[in-house]
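Engineer: Quick one: the structure is below, questions incoming.
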Amino acid sequence: MTIAVLAGVALRSLQVGRPPGAMATRTGQERGLEVSLGVALKTWARKSLLMLYQDRFPKHHPNHTPHSVLMKKSAAKFRLNQNKAQAKAIEKDEVEKFDISALYLLLRYACGFSNGPSRWNDMKTLEGNIEKLKDLRNLEAHWTEEVYAKENLEEKWKELLDAVMFILKSGGFEKWIPIFKINLQSIKEGETYHEDRELLQKSLQGELRKLYKSGRKTTLMPLVWAGRSFHFTHDALHAYISTKFSITQDRIETFVETNDLLEKRGTSQIIVVQGESGTGKTSLLRYYASLWKREQPCPVSTLSNFDYLVLLDCNAVSGKVSTTGDIIREIFPVTTSSTEISSVVDVLSRATDSVMFLIDSFDERLDVFRNTFKDLQKKFPKALFLVTTRPHLTHAISTLCEDIPLVVTAHGFNWSSAEDCVSKILASEKRSESADVLLKILSPHQELVKIPQLLCWCTWLWMENGNTLFSTRGKIFSSITDFMLRKLCYISDVRIFAGELPKQGQRWLSVVAQCAYDQAKIGLSSLSNSSKEITALKKEATDLKLRPLEALSSLMQSDSFMSARGEHVSFQFIHNSHAQFLIAHHVCECLENDKATIRNLIKDLKMDKRAILAFVVSILFKNTEKPIGKHRIQEIASLSKQHVKFYDINFYLDLIEESQYNERLVKELARNLPVADAEPSAQLGLSGERIPNSHLWLRKKEIDRSEALSMLLTFSTPSRLWLRLSNGKLAAGDGCGTEIAQCDVEAALKLIRNSYGDKKLCELKLSDFTASCPLPWPQNLWWLSISCCNIEDDLGLQEGLLKLSMCECTSFGHVKIPSTVKYLNLQEIVVQDPVLPSGLETLVLKSCQIIKLPTLPASLKKRNFENCIFWENTEFELSLMSELSLMHEPSFSEGATSLDYYD
């Protein structure tokens, strides 16, 4: 009933103000219902039309004024000329002065409704009910005593109520129906109360609680990109992830937790939370609003001391909001619709130190709210203020404070917080993806993980587009930069979210990118606010009708500090990844001139040229409709050589991925890999000749990038591969087993097999894996070397293999040696009567434990037994003993015989 009470207060004020004698002959009941009908039309009936207008007009005429639209309609133009006061209010877009007549005119001619008279006379349509309210308002304005005698006021009241309810339901405002019903009934009954101030207090508190509980002011910021709006609608209590905050006093920086921040304020009545865009300032305010009066006990105990927690988002309010009264109306729309602003201000001012104002994005509307902020402090001198800003305006806001404010810095996420944030978003949407997958993609780019807003935005876009957008760093940072420009820059005082980025934003990106490029030649130093570079950028921003400081801090990080000489504001490209993107963006713009070369453009840069080159490739190939010239692709391949060693080809894989797997670029990069100078010989390695050690190393991290690696191997087919799947063995006592599972080695060999097809592979070395079933070997493999392998089943070696070497492998007895093998080398292996191929020509055993010597084939031409141990119960074949040529006397130990034998 608190809302109804307010309506009753408004009703009494209107009754008192009615001209004396106007209703002298009417009964008291009729007089009351007459006044009630007039009040209802001026307040809640008008409000229903206003809500409908504010919802429909921007959708049908974005970026247009109502007056400009109406002047194109001859019928509307005629009516405006008949009512100068109405025309003036519409021309100035003074929404608060729009009466029912003005709203009717706007709805009929500027909000997409039908012009046909049939719908405006049909009470089953929105148009018909809008017409009904207009007719009731005209009737009420011309009522005379004679009219009252003929009209049934109860019937008119029912018509008004039905029309308002129909408009709310059909217009999409169903949630407002209970509020409208209570207030209209209160107006009709003309209730009166004696404790108006106490009731008003309860109404204000109730509206705040309902506002915050509904989530309208306490959900995470909606994320908007390319005209699409991604809403994370879960309450801040469930979605909030604590960021890092710090307080610097006496040059000592102290880090504080979110729930302790207010307790650390001491006697400060004003707290200024500074931080780069997206570091968690807004989320902090929304989290506090959600906590207020909702959890018992409240984890932020200071919040329990406040009866009113007033949250104002300066970016969410209309451009006309500038006075204290405007702010009160913005925060308490329901209460102030039927209550004088002065009464609300009086109640809040009497609450003294139990009022807390949360003012978000103050820096973005500083010019508009500067005087209002001073006025709020004067009207509520004991209230606590929590204000957010970006660093470059911290000092400007601090000078507006009556007392010295406490400055708190928001630093964003650490890795743990980032992981929690992504996990919460995925869980809330019931997605099965792992947070680690996204964080792995973003991990090279510090700002994407550290800044909550960017991480939240990236997570939403990742869920929406998957690897389509996140396949290249160029796509990621192009989209992020587009997002930054749309969110942080107003184009002629209007944010443009939909469609292509406005030309002003595109131009601003170009000039800042050139500045980043110029700075990279001297090492990306900090630029003072008065430097010639920043001065030039400010002028460019002004010419583009951008807000200079906001435009600067959109693509650069700003900072400010105080000294004896005053405030110092500086700008710098602090985040390496984004700075590299901006530099690469400028390089790509220069490459539109075919005579320009990447080599010359990046040679003088004092930054990570490898990362910049990767960004250049990503941006160049982002536009798939525009082909890249052959000379440009050859230049990229040539430049990439200096960033690749024979044992690390990951930069080639980077460029393949950044080019979105462009086949022409892969072919050029493949030329850089080691390949066989000639066809492998059938006698390879059998006659003692030495082959250059030019293995191409493949580790797990290369195998994980299967698509890029497969393309590179397909076009290069290097003759010698070394598959190193693990960097170390298991703990002592676990034999020669390794950390790599069966699935890893299977995937690696399958990739190699598919890449080579029927092409010959000269040599393949494998190390550090476990094999529990036959493996998919390449089709034409000549020489295979295996080391540190745990063999649990037959390896499935294929015929055609000429040379096999095994070192430190367990369970050698499981291995079936192909009949084509001519050279067998075993080292540090337990040998127990293996079946040797009939065509074997060379057998080498080094540091082996021989349980039972195998039967040697007649084709064997060379045998080498070095530092082997023969168990004493081994039966030596007489034919072998007669051929032994001992280099020295054998040494025997207990239970075994050690023998060096060469042939």
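The values are calculated or read from the model by the stated rules, or taken from the named source; none is laboratory data. Source: prediction; values computed, not measured. Quick reminder, even Gly has a Cβ in these numbers, built from the backbone with ideal geometry, and neighbours come from all protein chains shown. The area values use the complete protein model at the heavy-atom level, side chains included, leaving out ligands, DNA and RNA. Shrake-Rupley method; radii C 1.70, N 1.55, O 1.52, S 1.80 Å.
Engineer: So which chymotrypsin sites (Phe, Trp or Tyr not before Pro) in the stretch 574-653 are both in a DSSP loop and have at most 12 other Cβ atoms within 10 Å of their Cβ?
Structural biologist: Here the sparse-neighbourhood loop sites are 647.
Engineer: Taking the Cα atoms of the stretch 319-403, what is the range of coordinates along each of the three principal axes, in descending order and whole Å?
Structural biologist: 40, 29, 16
Engineer: First measure r as the distance between the Cβ atoms of residue 697 and residue 543, then evaluate 1/(1 + (r/R0)^6) with R0 = 51 Å and state the FRET efficiency to the nearest 0.05.
Structural biologist: Result of the calculation: an efficiency of 0.40.
Engineer: Subtract the Cα-Cα distance of residue 667 and residue 304 from 0.36 nm times their separation in residues, and report this length gain in nm to one decimal.
Structural biologist: 123.9 nm
Engineer: For the stretch 781-831, which whole percent of the accessible surface, found with a 1.4 angstrom probe, sits on carbon and sulfur atoms?
Structural biologist: After summing per-atom areas, the C and S share lands at 46 percent.
Engineer: Between residue 349 and residue 596, 0.36 nm times their residue separation minus their Cα-Cα distance comes to what?
Structural biologist: Answer, rounded to one decimal: 82.2 nm.
Engineer: Still on this structure, I have one more. Mind checking which lysines have their Cα closer than 22 Å to the Cα of residue 424? Skip sequence neighbours fewer than 8 apart in that chain.
Structural biologist: Straight-distance partners of residue 424: 213, 217, 244, 281, 440, 450.
Engineer: Strictly over 18 Å apart at the Cα level, which of 701/760; 475/503; 264/374; 47/175; 700/750 would you flag in this model? Mind dumping the intermediate values first?
Structural biologist: On the way: 701/760 25 Å; 475/503 20 Å; 264/374 24 Å; 47/175 14 Å; 700/750 14 Å.
Long pairs (Cα-Cα over 18 Å): 701/760; 475/503; 264/374.
Engineer: Which lysines, on any chain, are close to residue 861 with Cα under 17 Å apart, when same-chain ones fewer than 8 places away are left out?
Structural biologist: 803, 822
Engineer: Distance in nm between label sites at residue 416 and residue 182, each 7 Å beyond Cα in the beta-carbon direction?
Structural biologist: That separation, rounded to one decimal, is 4.4 nm.
Engineer: Using per-residue counts of other Cβ atoms within 10 Å, averaged over each peptide, order 708-715, 132-139, 88-95 from highest down.
Structural biologist: The most tightly packed comes first, giving 708-715, 132-139, 88-95.
Engineer: Please work out the Cα center distance from the stretch 260-297 to the stretch 83-118, rounded to the nearest Å.
Structural biologist: 42
Engineer: What's the center-to-center distance, using Cα atoms, between the stretch 779-813 and the stretch 439-489 in Å?
Structural biologist: Centre-to-centre (Cα) distance: 46 Å.
Engineer: Would you list which lysines come within 17 Å of residue 158, measuring only between C-alpha atoms, while excluding same-chain residues fewer than 8 positions from it?
Structural biologist: Those lysines meeting the cut-off are 42, 124, 132, 134, 150, 169, 181, 188.
Engineer: Compute, for residue 588, the solvent-accessible surface of its heavy atoms (probe 1.4 Å) with the complete set of protein chains present, and express it in square angstrom to the nearest 10.
Structural biologist: Per-residue accessible area (residue 588): approximately 20 Å².
Engineer: Once you have the Cα-Cα distance between residue 252 and residue 94, take 0.36 nm times their residue separation minus that, and quote the gain in nm to one decimal.
Structural biologist: Working it through step by step, the gained length comes to 51.9 nm.
Engineer: Go through 123-129, 499-505, 471-477 and give me the packing order, highest mean Cβ count within 10 Å leading. Let's see the in-between values first.
Structural biologist: Values: 123-129: 17.7, 499-505: 15.4, 471-477: 22.0.
By packing density, highest mean first, the sequence is 471-477, 123-129, 499-505.
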